[in-house]
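What follows is a short report on a single structure.
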Amino acid sequence: MTGKRRPTRQIHIGQVVIGGGAPISVQSMTNTDTRDVEATVAQIARLAAAGCDIVRLAVPDQEAAAALAQIKARVTLPLIADIHFDYRLALAALEAGVDGLRLNPGNIGGPERVKAVVKAAAARRVPIRIGVNAGSLEKEALETYGGVTAAAMVASALKHVRLLEDLDYREIKISLKAAEVPLMLAAYRLMAAKVAYPLHLGVTEAGRGLEGAVKSAVGIGILLNEGIGDTIRVSLTGDPVQEVRAGFAILRSLGLRQQGIELISCPTCGRCQVNLEAVAARVQEELQDIKKPLKVAVMGCAVNGPGEARQADVGIAGGRGFGLLFRHGQPVRKVREEDLARVLIEEARRLAAEDPGEE
Ligand code: SF4
């Protein structure tokens, strides 16, 4: 199922294409104060280095909106301004040169204001994401549908969508996030059956660390596997670089996008003679900057390791005193135990340098 995607309209966020068969993009959001230009620019540079395609920034006031122009001038990633309620902030963000808006037109205070924002967005061909969150559904939808349901979320989003369509604006993408995975799945499926706009997938307030990443991977992964979803954001409490890493791990595991290192490491067992966890952690950390798709294996023993990691481009297998460097399941040479991580990192870098892969 993974290969077949739901046909959608196509939009552009800066140079990044979303929907209509484009590769699924990975988004993140800065957690710096947008008014702090230095900190925000530095964080966006780290996100770009991690492979992030698009970054969103909160724009809570005019000062933040004014900072956008300075930030925009110093970064390469397309920027999306996250606006709530105040249409003047949307106008200021467009003026500053942002590439996308996240804003619900029903919440910015009436038709004239919606018209002003749409006119300014249309002049720049800047898409608008309608983002409905289960936690902040308006009273009307809750009453009509008897609570927070997928149908209520979809109806709420469609109301915002119609406001844009009434103005003949169709540079739209939609998100329907919920903290509960089954609810978010149902909402996206329902919406996918109703409109052809690209969908931005996410599980909101997913939490932190491993649990947050798993929750996001389940929600986003199930939908992607059904062909639904055109751009994704993993929401995690903490450093947003982790969101990007988790996003690519989801796409890689479904074969939807190949970029960077895929670490294949064994769970270890009684045969393992080395501190495999430390080696695996070092290898993964030090090779984060590689863009070329590369499968790198870190296996506990030379008895089964190379064979178990046959699909890896390059790998090491631990042993007593010495380990083994192998390529595509075939042993290449013996390596001293203390050099295993270093040799593997060098070998992976050599392979990556032959063709640096997509940027
Ligand atoms: Fe055990 Fe070796 Fe397999 Fe790792 S590679 S799980 S150490 S048999």
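The values are calculated or read from the model by the stated rules, or taken from the named source; none is laboratory data. Predicted model, so just to flag it, every value in this text is computed and none were measured. In this analysis, Cβ positions are derived from the backbone assuming ideal geometry, glycine residues included, and neighbour counts consider all displayed protein chains. Accessible surface is based on the protein model in full, side chains and every heavy atom, while ligands, DNA and RNA are left aside. Shrake-Rupley method; radii C 1.70, N 1.55, O 1.52, S 1.80 Å.
Any chance you could check the Cα centroid distance between the range 150-205 and the range 62-128 for me, in angstrom? Taking the Cα centre of the range 62-128 as reference, the centre of the range 150-205 is 20 Å away. The relative contact order of the chain, computed from alpha carbon pairs under 8 Å that lie at least 6 residues apart in sequence, is 14 percent. Taking the alpha carbon gyration tensor of the range 43-142, multiplying each eigenvalue by 5 and rooting it gives semi-axes of 24, 17, 11 Å, largest first.
Where the eigenvalues come from the Cα gyration tensor of the range 164-262, what are the semi-axes √(5λ) of the equivalent ellipsoid, largest first, in whole Å?
Details: eigenvalues 114, 44, 35 Å².
Result for the range 164-262: semi-axes of 24, 15, 13 Å.
I need the per residue convex hull volume for the range 1-100, using only the alpha carbons, in cubic angstrom as a whole number.
Dividing the Cα hull volume of the range 1-100 by its residue count gives 111 Å³.
Taking 22 Å as the straight-line reach from the Cα of Lys334, the lysines in range (excluding those fewer than 8 positions away in the same chain) are Lys295. In summary, the lysines within cross-link reach of Lys173, defined as a Cα separation below 21 angstrom excluding same-chain residues under 8 places away, comprise Lys4, Lys115, Lys119, Lys159, Lys194.
Using a probe of 1.4 angstrom and keeping all protein chains present, the accessible surface of the chain works out to 44 square angstrom per residue. How many percent of the accessible area of the chain is carbon or sulfur, using a 1.4 Å probe? Heavy-atom surface of the chain belonging to carbon and sulfur, 1.4 Å probe: 52 percent.
One compactness figure for the range 261-354 is 0.94, namely its Cα radius of gyration divided by 2.2 N^0.38 Å. Give me the angle, in degrees from 0 to 90, between the Cα long axis of helix 240-253 and the longest principal axis of the Cα atoms of the chain, rounded to the nearest 10. The answer is roughly 70 degrees. Of all lysines in the structure, those lying under 17 Å Cα to Cα from Lys215, and not within fewer than 8 positions of it along the same chain, are Lys177. Charge dipole (Cα centre; +1 on Lys/Arg Cβ, -1 on Asp/Glu Cβ; no other charges) of the range 261-354 amounts to roughly 300 debye. The per residue volume of the convex hull around the alpha-carbon atoms of the chain is 137 Å³.
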